[in-house]
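The structure under discussion appears below in the form of structure tokens.
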Amino acid sequence: MAKVTVMFGAEPQSEHGLDKDQVRVGRAPDCDIVIDNLGVSRHHCTLVRDEQGWMVVDAGSNNGTYIGGQRIQQHRLRHGDRIVLGKHSLVFDQHGFVTSSIAATTKKPAAPAGGEMTMFVDQAQLAKVLASEGQRRMALAVQQGEREVVVPLLKEELTIGSGEQADIPARGFLVKPVQAKLVRTASGHRLLALGGWRSVRVNGRKVAGDIALQPGDVIEIAGNRYTYRQA
């Protein structure tokens, strides 16, 4: 029986036997393979079995489904293919079997209390970051109800706000479309507060202008909490 191994970077996370004709992959709890990361769409792609074997079909995902560096709509899978979904990937094994050491559990994350927005992932930046083996990679740990979701900081500049084009969503009354920016520096990141009715706070202190972030810093905007940490 064919299987896929879910990878986060170079680390295997779980294995899944492909024991049905259609296997849905995404962030939503009703998917067969759940990847709890905001770079992955709620229903990202589907693995489909037919007379010729297996293929992967993109389900209209925001960040796309990639194989061999190319964004695909559908692709006939070959043994060893790596299906890339944001910072996660699925490695296809045509003749594999699930090992108990990293076998997937049947428990799925609880449905979130409110709607979630998919984080947009720049694939060129992702490839650049992953290729830098010795480079310290930073991320924001975002609170989504009772869950914590880790968002890698891949771009030179990221926006936080209520707008549809914001890289990282911040919901709340009077939150600006772009309430703050994260800018990469040689030593890490700086946070720029862009004014408005809603304050931007780091570790409980209001930010006026910009501030250099340290690992463990907690950013707060209108009740939204983001922890700056290593990816």
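Condition (residue is within 21 Å of Val149 (Cα to Cα), assigned to a loop (DSSP other than H, G, I, E, B) and of a type in the set (S, T, N, Q)) applied to segment 167-183: is it met by at least one residue? Yes; the residues of segment 167-183 include at least one that is within 21 Å of Val149 (Cα to Cα), assigned to a loop (DSSP other than H, G, I, E, B) and of a type in the set (S, T, N, Q).
With a cut-off of at least 2 residues that are over 29 Å from Met138 (Cα atoms), name the strands (runs of 3 or more DSSP E) lying wholly within segment 15-96.
On the way: elements: 22-26, 45-50, 53-58, 65-67, 70-72, 74-76, 82-85, 88-93.
Ranges flagged: 22-26, 45-50, 53-58, 74-76.
With respect to Val151, determine if the residue is in contact with a strand residue (DSSP E or B) (Cβ under 9 Å, 6 or more places away or on another chain), buried (at least 16 other Cβ atoms within 10 Å of the Cβ), farther than 25 Å from Gly9 by Cβ and aliphatic (A, V, I, L, M). Considered against the rule, which asks whether it is in contact with a strand residue (DSSP E or B) (Cβ under 9 Å, 6 or more places away or on another chain), buried (at least 16 other Cβ atoms within 10 Å of the Cβ), farther than 25 Å from Gly9 by Cβ and aliphatic (A, V, I, L, M), Val151 comes out as no.
For Phe8, the conditions (1) closer than 12 Å to Ser89 by Cα; (2) open to solvent by less than 40 Å² (accessible area, probe 1.4 Å) all hold with the exception of (2). Exactly one residue among Arg205, Arg198 is touching a Gly at 6+ places or on another chain (Cβ under 8 Å), open to solvent by 60 Å² or more (accessible area, probe 1.4 Å), farther than 20 Å from Arg137 by Cα and free of Cβ contacts under 8 Å to residues at least 60 places away in the same chain, and that residue is Arg198. Restricting attention to segment 51-65, the residues that are of a type outside the set (S, T, N, Q), touching a residue at least 12 places away in the same chain (Cβ under 8 Å) and over 12 Å from Leu85 (Cβ atoms) total 5. Selection of segment 165-179 for residues being in contact (Cβ under 8 Å) with a residue 24 or more places away in the chain and within 20 Å of the chain's Cα centre (by Cα) yields Asp167, Ile168, Pro169, Ala170, Arg171.
Restricted to segment 154-164, and to residues that are farther than 17 Å from Ile211 by Cα and more than 15 Å from the chain's Cα centre (by Cα), which residue is most open to solvent (accessible area, probe 1.4 Å)? Top of the filtered list is Glu164.
The values are calculated or read from the model by the stated rules, or taken from the named source; none is laboratory data. Here the structure is a predicted model, which is why all the values come from computation and not from measurement. Counting neighbours? That spans all protein chains shown, and the Cβs are built from the backbone with ideal geometry, glycine included. Areas reflect the complete protein model, heavy atoms only, side chains present, ligands, DNA and RNA absent. Shrake-Rupley method; radii C 1.70, N 1.55, O 1.52, S 1.80 Å.
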